[in-house]
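Each reported figure results from applying straightforward, stated rules to the coordinates on display, with no laboratory input. Nothing here was measured: the structure is a model prediction, and the numbers come from that model. Note that we place each Cβ from the backbone using ideal geometry, even for glycine, and neighbour counts take in every protein chain shown.
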Amino acid sequence: MELTLNIYDKTGRNIIRTAKADTFDLMFGTVMSLMELLKIEDMDDQLELLKTVSGAYSEITNVLTAVFPDVTENEWKFVKVKELMPIIIDIAKFAVSETFVIPKNPKN
């Protein structure tokens, strides 16, 4: 699954650039850090998720920088929350779904 992150100008009206990431390239540590920060299993609505994200801004942007390595620390300030929340949820869903995939051994 490809993730797309829009970075806006200071007015929030114009997209300056778009960063892309592939969830299949996520490292286990990145996913686990995000899951630990968000405590997804305890959340039942997006308001709860928003509160957690705002309370752990620095830690979450560090984790998201692992997902979008070309996004600078300053650029995170110009990402719309309404666009970031679905990305965080998609990463969490990806992490959970990948947990239940049993890898197949290639035949020798």
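Taking neighbour counts of Cβ atoms within 10 Å as a proxy for exposure, in what order, fewest first, do Leu34, Leu3 appear? All intermediate terms of the calculation are to be shown ahead of the outcome.
On the way: Leu34 22, Leu3 19.
In increasing order of surrounding Cβ atoms, one gets Leu3, Leu34.
Which of Lys82, Lys51 comes first, and how do the rest follow, when ranked by fewest Cβ neighbours within 10 Å?
Lys82, Lys51
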